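Trainee: For reference, the structure I am asking about is given below.
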Amino acid sequence: MNRQIIVTASVLGMLGVIAGAFAAHSLKQYLTPQQLEIWHTGVQYQFYHVFALLFLSTFSLRNGLVRAAYYLFTFGIIFFSGSLYLLACRELSGWGWLTIMGPITPIGGLLFIAGWATLALAAFRK
């Protein structure tokens, strides 16, 4: 098991639980149903990829493809989920300029796709 990946997955998992609880208990009264759906999509994909990171931790990080998948999943979470959290709250925060975050979300999605492809390639090469 790889400690670095487990710690990263644990922190991102903890933050995912906090984000989900925050939406359910605090943001629900301030966000529209559409904004809450955007927020929940961020939480959902964050957890999918936390589980992917935990699976990845069973491999050796010395493998370059596994290391690449680790970074792709981690930055995918930051870009994809992070941008969705910001987009969902842009009106609430008064930061209308956050619409520039819109193009960041697909970059996060591409990082997720690349992470899965890299993981498949790492398994294929083994």
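Residue-wise test of (1) in contact with a helix residue (DSSP H, G or I) (Cβ under 6 Å, 6 or more places away or on another chain); (2) in a loop (DSSP other than H, G, I, E, B).
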{"residue": "Q4", "(1), (2)": "no, no"}
{"residue": "V7", "(1), (2)": "no, no"}
{"residue": "L12", "(1), (2)": "yes, no"}
{"residue": "G16", "(1), (2)": "yes, no"}
{"residue": "A21", "(1), (2)": "no, no"}
{"residue": "S26", "(1), (2)": "no, no"}
{"residue": "Y30", "(1), (2)": "yes, yes"}
{"residue": "Q34", "(1), (2)": "no, no"}
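Trainee: Let me ask another. I'm checking my understanding of the structure. Among residues of the stretch 26-47 that are surrounded by fewer than 16 Cβ atoms within 10 Å (Cβ to Cβ) and free of Cβ contacts under 8 Å to residues at least 24 places away in the same chain, which one is nearest to F75 (Cα to Cα)?
Mentor: For the stretch 26-47, the residue satisfying everything is Q44.
Trainee: Now, a different point. Could you list, in sequence order, the residues of the stretch 48-60 that are buried (at least 20 other Cβ atoms within 10 Å of the Cβ), at pLDDT 95 or above and of a type in the set (A, V, I, L, M)?
Mentor: Passing the criteria: V50, A52, L53.
Trainee: Whether any residue in the stretch 98-111 is at pLDDT below 95, part of a loop (DSSP other than H, G, I, E, B) and closer than 17 Å to G16 by Cβ is what I want to check.
Mentor: There is no residue in the stretch 98-111 that is at pLDDT below 95, part of a loop (DSSP other than H, G, I, E, B) and closer than 17 Å to G16 by Cβ.
Trainee: Looking only at the stretch 38-55, count every residue that is under 15 Å from G20 (Cβ atoms), among the aromatic types (F, W, Y) and out of contact with any Gly (no Cβ under 9 Å at 6 or more places or on another chain) and tell me the total.
Mentor: 1
The values are calculated or read from the model by the stated rules, or taken from the named source; none is laboratory data. In this text, all values refer to a predicted model and were calculated from it rather than measured experimentally. We place every Cβ from the backbone using ideal geometry, glycine too, and count neighbours over all the protein chains shown.
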